[in-house]
Amino acid sequence: MNYKSTVSKYATPLSIIFLALVIVTSLGVTGYFVNKKANFAIEKMDDAIERYFDERAKNVKAAKEAVPLKEPTIAELEAGAELLGNPDAPVLITVFEDFQCPWCQKVQSVLEQVREAYPTQVKIAFRHFPLKSIHRNAENASIAAICAGRQEKFWEYHDILFEKQGDAAGWSKERDKEKSAELLKQFASDLGLDTASFNNCFGNKETSVELERDISYGSSIGIRGTPTVFVNTEKSKVDFKVLKEAIDKVLE
């Protein structure tokens, strides 16, 4: 019997089978780790959503147990707010926002529609309401916007924050608050602000006190999440059609 020819006869098929087993095993291991990473990402997202709704539930519970809520007035809503539009407009739209809130970013296009439809009849009032427990960089973003406002550049800075909110390596996504703060300071430089004055304002406790006044006022009238919108003193859905109906009712 020719053993050499017999070995040669089966060597190639055996090699192919062995190689196939190696490839299948490798794919299985790779798939395991890919699935593991995907599952980890989903778990992180679920945790974030759960924390958000837990926070909302706590706020609602606290509101029920707290002192009765105040009724907002136009004068109070407008006082201390950043205003955009005709200062003598008969309709005031007040928006309580968090610069790190993705829904707040989306509402900007709706507000732009309103301004285009009512160029002289409507003015927009921005009020800060950072959800600090779930958005680690929101408080600093509001402080930075306040500082930009002191140099008459609030709305330009406001637009930059929302435009860059989704950047993968941007101020909103940055996990290190100090690095995020440096990016916020860079925006001030990009806008041509006096950076020394801006940085001094950014680190000043009085600026934080000013921000807390907005948050406290919002809480006192029942703000629990963002964005929250008022047409004059009535809460409204963040929808152009709904806002238009509310505005037209005021203008009748």
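The values are calculated or read from the model by the stated rules, or taken from the named source; none is laboratory data. Keep in mind it's a predicted model, so treat the numbers as computed, not measured. Cβ atoms come from the backbone with ideal geometry, glycine included; neighbour counts cover every protein chain shown.
So which of L77, L69 is touching a Gly at 6+ places or on another chain (Cβ under 9 Å) and over 20 Å from F240 (Cα atoms)?
L69
With the condition being within 18 Å of the chain's Cα centre (by Cα) and assigned by TED's automatic domain parsing to the domain that holds I160, I'd like the helices (runs of 4 or more DSSP H) fully within the range 171-252 carrying at least 1 qualifying residues.
Result: 177-190, 205-220.
Considering every residue within the range 145-161, establish whether at least one is more than 17 Å from S208 (Cα to Cα) and either β-branched (V, I, T) or at pLDDT below 95 (or both).
Yes, there is a match, as at least one residue in the range 145-161 is more than 17 Å from S208 (Cα to Cα) and either β-branched (V, I, T) or at pLDDT below 95 (or both).
Going through S142, S133 one at a time, which residue ends up being outside the structural domain of E55 (by TED's automatic domain parsing), surrounded by fewer than 20 Cβ atoms within 10 Å (Cβ to Cβ) and within 19 Å of the chain's Cα centre (by Cα)?
S133
Among L161, L191, which is the only one that is touching a Phe, Trp or Tyr at 6+ places or on another chain (Cβ under 8 Å), touching a residue at least 40 places away in the same chain (Cβ under 8 Å) and surrounded by fewer than 19 Cβ atoms within 10 Å (Cβ to Cβ)?
From the options L161, L191, the qualifying one is L191.
State the number of residues belonging to the range 111-125 that are in contact (Cβ under 8 Å) with a residue 24 or more places away in the chain and in contact with a strand residue (DSSP E or B) (Cβ under 9 Å, 6 or more places away or on another chain).
Of the residues in that region, 10 qualify.
If you go through the range 175-186 one residue at a time, do you hit one that is modelled with pLDDT of 95 or more, hydrophobic (A, V, I, L, M, F, W, C), surrounded by 18 or more Cβ atoms within 10 Å (Cβ to Cβ) and under 17 Å from H128 (Cα atoms)?
Yes, some residue in the range 175-186 is modelled with pLDDT of 95 or more, hydrophobic (A, V, I, L, M, F, W, C), surrounded by 18 or more Cβ atoms within 10 Å (Cβ to Cβ) and under 17 Å from H128 (Cα atoms).
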